[in-house]
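The values are calculated or read from the model by the stated rules, or taken from the named source; none is laboratory data. From a predicted model like this one, the values you see are computed outputs, not experimental measurements. Cβ sites come from the backbone with ideal geometry, for glycine too, and all protein chains shown count toward neighbours. When the accessible area is computed, the model is the full protein with side chains, heavy atoms only, and any ligands, DNA or RNA have been set aside. Shrake-Rupley method; radii C 1.70, N 1.55, O 1.52, S 1.80 Å.
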Amino acid sequence: MSTATLTLFASCPKGVESLLATELQELGAQDVTPTVAGVSFAGTLELAYRVCLWSRLASRILLRIGEVDCVDKNALYQGVQSFDWDEHLDRDSSFRVDFNGTTPDISHTRFGSQFVKDAIVDQLRERHGWRPSVSSKPDLRINVHARGETASVAIDLSGQSLHERGYRLEAGEAPLKENLAAAILYRANWPAMAREGATLLDPMCGSATFLIEGAMMAADIAPGLLRVRFGFDKWMGHIPKIWLQLLEEARQRRVAGLAAVNTTIMGYEGIGKIVGRARANIQRAGLGKLVTVHQQELANLQVAEDVTPGLVIANPPYGERMGDEASLVYLYKHLGEKIKQQTPGWQAAIFTSSQPLARSLGMGPRKSYTLFNGALSCKLFLYDVRERQADSSLANPERAPDLAFKASTPGGEMFANRLKKNLKQLGKWVKKEAIDCYRLYDADMPEYAVAVDVYRDWAHVQEYAAPKSVDEGKAHQRLLEALEVIPGVLGIPEEQVVCKRRERQSGKRQYEKLERSEQMLEVTEGKCRLLVNLKDYLDTGLFLDHRKMRLRIAREAAGKDFLNLFCYTGTATVHAALGGAASTTSVDLSNTYLGWAGKNLALNGLVDRKHRLEQGDCLQWLKQDTRQYDLIFMDPPTFSNSKRMRGVFDVQEAHVELITRAMARLKRGGMLYFSNNFRRFQLAESLKEMFTVEEITYDTVDRDFQRRPQIHRCWRLTRP
């Protein structure tokens, strides 16, 4: 059999067939014919062994021993018994049958497997008086593929799927199969790039599959070299001498390849546990000196300018792992921006099942390929990365205030003059601090009882409910005068002024939408990119008065476990995460706000599992949580009677239990910040007896809120 020409079949993921056909030809195969999810070919037993050892793309290698008639079960039984099974099995062998497809009277693969097994066992028992055992981890796998009235019978030379190289005992969530990863690298032209000394970079490397497969290509390492066993090891037709010669050749090529390789291969992953898994996989592959993985979130990705350009490759989540596709839009946007900022002049390869998400990358692919990840149809997009782009997260769009603007009425002119004065007073501060969003006017003049907040080149106007002593008609007239003036003074279009009426909200009204525009505006604060919605809710998703508090959290969070209670849209969490928090946990009753928080995290490249979002009543959640935190922030509402809560929440009544339970979750040396905006709030004296309490309200009110210093109150609590 060693020199005889065998009929062989290599299976592979759908979409990889043409690549596999080329690979087989390069290995010496003859009569190569691609088909769906596989390639038929011919060659000697040595070639079959070589393909098992060297194919980076095949899933299984089948040695076809013949076709049989299966017009009915009896014909299939007789056909299977026409082969001499003692040429493949002995009395000590274990085996299993993998049956796929259907016949006219067999529609269940399990029944088909059992039926073929019986035919084999019956033959050996009748001829030799012994029967082999059946096992889920057999010495030999027999493959039967039925197609209507005929079936192909084959010996599986691979055993376990060839994508199981032997190095990946540790994997992250939803790992990419090794042979599919290899196909993606081939399509991205990595082998040719590696020969030129290019760099391979995976900014979201997970268990390092791309990096290890890319390194084995670059160093000429056979992908099957680490496998403990193959399907032919205990097959009766196995010729060990041929196999051992091929193994020795592969070992020599590995030594020479590692000595000659001159490429850089590196990856980044945000979760420490997964970084550990990736490094363990790399060590098992024997590539510790060639492949490096660093713990770093996508948000902090920095590629040194002296790194040789090459290929940046990523398999970002596309729904199965993160679940929230809305958050994924912002993750892909962030990934695209990072690639353009950090790897100009490189090639990029992004593998995803979602074309709409791929469009969020903001890059035009030069080519795309369809590949299947299991049953899931996916796309590989290839890009030429263009010139280095400015970091949009630091952008502060220039508005053009018109300080010469004239109003049409005396009242409007008076309001316009106050806006101009405030712009002059705040202008240098806003520019120096790179502030996107700030309060420009807050009922400075009692006649014009509105708040005007600037969000980049938009204005968010809130009308305070007029007291009963003020004529409703006159109050409405003054509001119209203010709205007429604002676009002219700020130099923005009228349609970018949003007006709402501010009054006490309770019950369901706290969460009701005012509109359904779903229009998100991206703004920046410190290092953070945040999403606001100026139209749909009474609040925008960003409490401007807490800016200094959030920036304080960013400074203090490094290396700490951070808990954000009543987290709203997670803005403080983003600050903590980008400030280097070891972990963050954000709790809120509203799934809407938690979804928003997820989008804010994703927009900043913060998608790791160390940033947990948990839905729940914070007081009840604290009763159940047993974890400990270094830094806790809570900014509860004044009042809530949401149906999701047990009873009614009143901050004055609930704050003692709330703070006490939160302090119980605080690590030794930890710190809790408590804030609320209830004007008549009084902190209980009992808390001051239990904890070290310091009011820091003055230090948390920024320049644009100094006209209203009681916009909120804030305390810092520690254990004495």
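Inside segment 590-599, can you point out the residues that are crowded, with 24+ Cβ neighbours inside 10 Å and touching a residue at least 40 places away in the same chain (Cβ under 8 Å)? Correct list: TRP596, GLY598. Within segment 132-148, take every residue that is in a loop (DSSP other than H, G, I, E, B) and out of contact with any helix residue (DSSP H, G or I) (no Cβ under 8 Å at 6 or more places or on another chain) and give me the one that is least open to solvent (accessible area, probe 1.4 Å). By that ranking, first place goes to PRO138. Considering segment 444-468, the residues that are open to solvent by 30 Å² or more (accessible area, probe 1.4 Å), in a loop (DSSP other than H, G, I, E, B) and touching a residue at least 60 places away in the same chain (Cβ under 8 Å) include one that is farthest from GLY488 (Cα to Cα), namely ARG456.
Let's see how each residue does on (1) open to solvent by 50 Å² or more (accessible area, probe 1.4 Å); (2) more than 34 Å from the chain's Cα centre (by Cα):
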site: GLN652; (1), (2): yes, yes
site: HIS655; (1), (2): no, yes
site: MET663; (1), (2): no, no
site: LEU666; (1), (2): no, no
site: ARG679; (1), (2): yes, yes
site: GLN682; (1), (2): yes, yes
site: THR692; (1), (2): yes, yes
site: ASP699; (1), (2): yes, yes
site: ASP702; (1), (2): no, yes
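I'd like to check something: does segment 187-209 contain any residue that is of a type in the set (S, T, N, Q) and at pLDDT below 95? Yes, some residue in segment 187-209 is of a type in the set (S, T, N, Q) and at pLDDT below 95. Tell me, please, whether a residue that is closer than 30 Å to LEU601 by Cα, touching a helix residue (DSSP H, G or I) at 6+ places or on another chain (Cβ under 7 Å) and hydroxyl-bearing (Ser, Thr, Tyr) can be found in segment 203-216. Yes, the conditions are met somewhere in segment 203-216. Evaluate the following for GLN355: is it without any contact (Cβ under 8 Å) to a residue 40 or more places away in the chain, polar (S, T, N, Q) and loosely packed, with under 15 Cβ neighbours inside 10 Å? Considered against the rule, which asks whether it is without any contact (Cβ under 8 Å) to a residue 40 or more places away in the chain, polar (S, T, N, Q) and loosely packed, with under 15 Cβ neighbours inside 10 Å, GLN355 comes out as yes. State whether one or more residues within segment 247-266 are open to solvent by less than 10 Å² (accessible area, probe 1.4 Å), modelled with pLDDT under 95 and within 22 Å of the chain's Cα centre (by Cα). Looking through segment 247-266, none of the residues is open to solvent by less than 10 Å² (accessible area, probe 1.4 Å), modelled with pLDDT under 95 and within 22 Å of the chain's Cα centre (by Cα). Within segment 308-342, restricting attention to residues that are of a type in the set (D, E, K, R) and at pLDDT below 90, the residue that is farthest from VAL523 (Cα to Cα) is GLU320.
Test ARG60 against the criterion of being without any contact (Cβ under 8 Å) to a residue 12 or more places away in the chain and either closer than 30 Å to LEU180 by Cα or hydroxyl-bearing (Ser, Thr, Tyr) (or both), and give yes or no. Break it down into steps so the answer makes sense when it comes.
Values: without any contact (Cβ under 8 Å) to a residue 12 or more places away in the chain: no; either closer than 30 Å to LEU180 by Cα or hydroxyl-bearing (Ser, Thr, Tyr) (or both): yes.
So ARG60 fails the test.
The residue pairs whose first member lies in segment 220-242 and is outside any loop (DSSP other than H, G, I, E, B), whose second member is at pLDDT below 95, and whose beta carbons are closer than 7 Å, counting only pairs six or more residues apart or on different chains, are ILE242/SER2. So in segment 274-307, with the set limited to residues that are open to solvent by 30 Å² or more (accessible area, probe 1.4 Å) and within 15 Å of VAL607 (Cβ to Cβ), which one is modelled with the highest pLDDT? In this case the residue turns out to be GLN295.
Checked against the criterion of being farther than 29 Å from VAL385 by Cα and in contact (Cβ under 8 Å) with a residue 24 or more places away in the chain, the candidates ALA299, ALA314, ALA285, ALA259 yield just one match: ALA285.
Here segment 343-370 is the region considered, the condition is being under 20 Å from the mean Cα position of the chain (by Cα) and part of a strand (DSSP E or B), and the residue that is modelled with the lowest pLDDT is THR352. Under the condition of being touching a residue at least 60 places away in the same chain (Cβ under 8 Å) and part of a loop (DSSP other than H, G, I, E, B), which residue from segment 9-36 is nearest to CYS52 (Cα to Cα)? Among them, the one singled out is CYS12.
Matching residues to (1) under 16 Å from ILE142 (Cα atoms); (2) open to solvent by less than 50 Å² (accessible area, probe 1.4 Å); (3) at pLDDT 95 or above; (4) not in a helix (DSSP H, G or I):
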residue: ALA42; (1), (2), (3), (4): no, yes, yes, yes
residue: LEU47; (1), (2), (3), (4): no, yes, yes, no
residue: ARG50; (1), (2), (3), (4): no, yes, yes, no
residue: LEU53; (1), (2), (3), (4): no, yes, yes, no
residue: VAL80; (1), (2), (3), (4): yes, yes, yes, no
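Does segment 182-190 include one or more residues that are open to solvent by 10 Å² or more (accessible area, probe 1.4 Å), hydroxyl-bearing (Ser, Thr, Tyr), within 30 Å of ARG366 (Cβ to Cβ) and touching a residue at least 40 places away in the same chain (Cβ under 8 Å)? Scanning segment 182-190, I find at least one residue that is open to solvent by 10 Å² or more (accessible area, probe 1.4 Å), hydroxyl-bearing (Ser, Thr, Tyr), within 30 Å of ARG366 (Cβ to Cβ) and touching a residue at least 40 places away in the same chain (Cβ under 8 Å), so the answer is yes.
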